[in-house]
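S.K.: I am attaching a structure below and will ask some questions about it afterwards.
No value in this document is a laboratory result; all are computed from the given coordinates. Worth saying up front: this structure is predicted, and the values here are computed from it rather than measured. Cβ coordinates were reconstructed from backbone atoms using ideal geometry, including for glycine residues, and neighbour counts include every protein chain displayed.
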Amino acid sequence: MQLLHSSMPEVGDMVVIVWPRTRWDHRQGRLHELRHEQGQRSHAFVLLDGIAVGIPLEQLSEEPKKREA
C-alpha cells in the first residue's frame, strides 16, 4: 500500500486509515475535506459511518485495488 505523502489526495477519494492502536485503523471512508493551516499538522476529514472524522493526513493511504475476475 502506497502512502499519500507522494501525491495529494482529493476530496471524494476513497482512503484507508493506517493508524495502529486506534479504533480507526484499517477503516475505509470517503475523503470529505482537507485542511492545511500554517503551523499545524494537515488534517483530512473522512466520512465514516456518516460522521466526518478528523485524521492526520500522514495516517491515510490509498484504498487497496480490488481484484477483477
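S.K.: Given labels modelled 7 Å from the Cα in the Cβ direction, how far is it in nm from M14 to S61?
M.R.: 1.6
S.K.: Starting from 0.36 nm per residue, how many nanometres of slack lie between W24 and R41 once their C-alpha separation is accounted for? Let's see the in-between values first.
M.R.: Numbers: separation 17, 0.36 × 17 = 6.12 nm, distance 1.82 nm.
Taking W24 through R41 to full extension adds about 4.3 nm, to one decimal.
S.K.: Additional query: Once you place label points 7 Å from the Cα toward the Cβ at E33 and L48, how far apart are they in nm?
M.R.: 1.7
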